[in-house]
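Below is one structure; the comments refer to it alone.
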Amino acid sequence: MFMDRPAERPEELFDRREEVEQLRRAAAARQLALVVGMRRIGKTSVVKAGTYGRPRIYIDARSFEERPYISYADLLEALRRELRRLLPMHKRLGELLAKVRGVSVAGVEVRFEAGRSAPGLSELLQVLDEWAGDRGERLFHNRRGAGAREAEGEADTAGAGLRLRQPEEPLHGADGIQGGASAEVPGARGS
């Protein structure tokens, strides 16, 4: 079956069940998940199918390919479009966003101020995390302690070119956020 767009739902995928499940386990365990691979191998489909049924903000970086750089205004515009998609179904999100300096919300319309009045990315992410917390979920998880992982093991789809794996050591950021899921294409070089 060939589709002219990325799959959105798990049942639209062919031979990616294990990768989708690993991505779901990583998300449930609040682990960082990286999905990398060659062009047109199914990365977007795995991510969309793996997050199907959950509120998500998906920014397709391909829309920035022709630009020499991505400005903060470009990122805010992409975020605004995704928030506009979510607001009709999630009124509380609009209420929280309206509290952020530089953000205006009117119904399903979101507007970000420009320049020095633009909202800070950290403030926006905190609001999104608070909204997720209201729903019993978290966008960010600051988990201290070494080696705490729920999902272990490795899945390899022979000949498919996309592999999800758990690294031996969790990833640690400067702020203590850690994760563990990654995906790679054997033999492929990243850009």
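Overview of results
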| quantity | calculated |
| --- | --- |
| Tyr58 versus Val100: modelled label distance in nm, points set 7 Å from Cα along the beta carbon direction | 2.1 nm |
| Which of Arg80, Arg101, Arg30 has the fewest Cβ neighbours within 10 Å, and the rest in rising order | Arg101, Arg80, Arg30 |
| 12 Å beta-carbon shell around Val47, net charge (K/R +1, D/E -1) | +3 |
| The stretch 45-138: equivalent-ellipsoid semi-axes (sqrt of 5 x gyration tensor eigenvalues, Cα, Å) | 21, 20, 11 |
| Listed residue (Ala106, Pro119, Leu86) projecting farthest to the positive dipole end of the stretch 72-134, Cβ model | Ala106 |
| Burial ordering of Val46, Val35, fewest other beta-carbon atoms within 10 Å first | Val35, Val46 |
| Residue order, fewest to most surrounding Cβ atoms within 10 angstrom, among Glu82, Glu95 | Glu95, Glu82 |
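Throughout, read-outs are computed from the coordinates displayed, never taken from laboratory work. A quick note: this is a predicted structure, and the numbers were derived from the prediction, not measured. When we count neighbours, we look across all protein chains shown, and the Cβ atoms used for this are built from the backbone with ideal geometry, even at glycine.
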